[in-house]
Amino acid sequence: MKKVLLAFTVIVVLFVAGVYLFVPKQLRIAEAGIVTATFPAAKRFIFDRGLWSKWADTTKLEQAYHHDITNTFFTKTDIVLSKAGESFPTSLRLIPLGNDSTGIEWEYNMPTGNNPFTRIARYQEAKQLKTHMDSMMFKLNVFLNDLDRVYGTAVRKAQLPDRPLLSKLVVLNREPHANDAYALLSEVKAAARQQNDSAVGPAMKYSSRLDSTHYELMVAIPTSRMLKTKGDFVAKGLVGGNLIATEVRGGEAALQRAWEGIRQYKADYRLSSPAIPFEEFVTDRTIVSDTTKWITKIFYPIRF
């Protein structure tokens, strides 16, 4: 009997010693990575809980843990993961790496307590938490390394040659529509024909809001030579150079999303523009009525 008791005591001692030896008083869970998104872009999609649906299935995330964003500062935020009445306040930090990449560090230090059984339970919980954080970091890395998804459109650097244009600008007391642009383009093309010339490339359009009730709309066509300015029809030379550009397939809603994306790209990369941006109508919408077949390019002159 004494031998059995002694053996049991030895087993218990070894068990407790093993737990204290292999499960430390505090377990550190850490994730790290580098993404090819700018610091503003990474911060926007991580610190704003409402944008998580862009890179993760938030319904599935919430089935594992509830997530709250708290204590947000310039480069740091706390992500509190909780379930079954227990909370785990993890800390995430962003590290700007130049103008085109960002480091991400995400960690949590889990206390395991003094009770060996509690330590084992905490160790199992820490493994589940790490698996969850691994999965989130993987999804986040995939998203932030795909700039087409980050900006909702494929923004590319491009160059444009110098070329002569004939243009016309009008001010409207309402938001301009595609029909307004095409009506104006008809006038510009007619004016070019009067000077024995015609459009030698896709038509161009620019519009902006002037105030609460007025909008300006300008259209232009590239011509084979520099024409003369006559009345409202202004001949000008488009100075070529560096641009960022994107191609859009679809109607006005798709075009607006692309504009938002390219403007956000310009802001995130802190690019300055020496001239106004414009659209180029690859598809003649007066001929093709199916909006899914419309192709439009957006060009934004940029100083690199």
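The values are calculated or read from the model by the stated rules, or taken from the named source; none is laboratory data. Here the structure is a predicted model, which means the values were calculated and not measured. FYI the Cβ positions are ideal-geometry reconstructions off the backbone, even for glycines, and counts take in every protein chain you see.
Listed here are the residues, each with its yes/no results for (1) among the polar types (S, T, N, Q); (2) over 29 Å from Phe304 (Cα atoms).
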position: Asn141; (1), (2): yes, no
position: Arg149; (1), (2): no, no
position: Val155; (1), (2): no, no
position: Gln159; (1), (2): yes, no
position: Arg174; (1), (2): no, yes
position: Gln195; (1), (2): yes, yes
position: Ser198; (1), (2): yes, yes
position: Leu217; (1), (2): no, no
position: Thr223; (1), (2): yes, no
- With respect to Asn179, determine if the residue is without any contact (Cβ under 8 Å) to a residue 12 or more places away in the chain and either touching a Gly at 6+ places or on another chain (Cβ under 6 Å) or more than 30 Å from Lys54 (Cβ to Cβ) (or both). yes
- Task: Can you run down the residue pairs with Cβ atoms below 6 Å, 6 or more apart or on separate chains, where the first is in segment 114-139 and in the same structural domain as Gly103 (by TED's automatic domain parsing) and the partner is of a type in the set (Phe, Trp, Tyr) and at pLDDT below 75?
- Result: none
- Item | Tally, over segment 258-280, of residues that are among the basic types (Lys, Arg), touching a Ser or Thr at 6+ places or on another chain (Cβ under 8 Å) and not in a helix (DSSP H, G or I) | 0
- Message: So Leu166 passes all but one of these: (1) farther than 24 Å from Pro301 by Cβ; (2) in contact with a helix residue (DSSP H, G or I) (Cβ under 7 Å, 6 or more places away or on another chain). Which condition number does it fail?
- Response: (1)
- Evaluate segment 278-295: report whether one residue or more is under 30 Å from Lys43 (Cβ atoms), in the same structural domain as Leu165 (by TED's automatic domain parsing), free of Cβ contacts under 8 Å to residues at least 60 places away in the same chain and not polar (S, T, N, Q). no
- Some residue of segment 294-303 being within 31 Å of the chain's Cα centre (by Cα), at pLDDT below 95, within 29 Å of Asp148 (Cα to Cα) and polar (S, T, N, Q): no
- Message: Being modelled with pLDDT of 95 or more and surrounded by 15 or more Cβ atoms within 10 Å (Cβ to Cβ) is the requirement here; does Gln264 meet it?
- Response: yes
- Of Val200, Val150, Val188, which residue is among the β-branched types (Val, Ile, Thr) and without any contact (Cβ under 8 Å) to a residue 40 or more places away in the chain? Val200
- Looking at (1) more than 20 Å from Val171 (Cβ to Cβ); (2) β-branched (Val, Ile, Thr); (3) over 25 Å from the mean Cα position of the chain (by Cα), which is the one condition that is false for Thr229? (1)
- Working carefully through the options Ala183, Ala199, Ala191, Ala178, find the one that is in the same structural domain as Gly250 (by TED's automatic domain parsing) and touching a Pro at 6+ places or on another chain (Cβ under 7 Å). Ala199
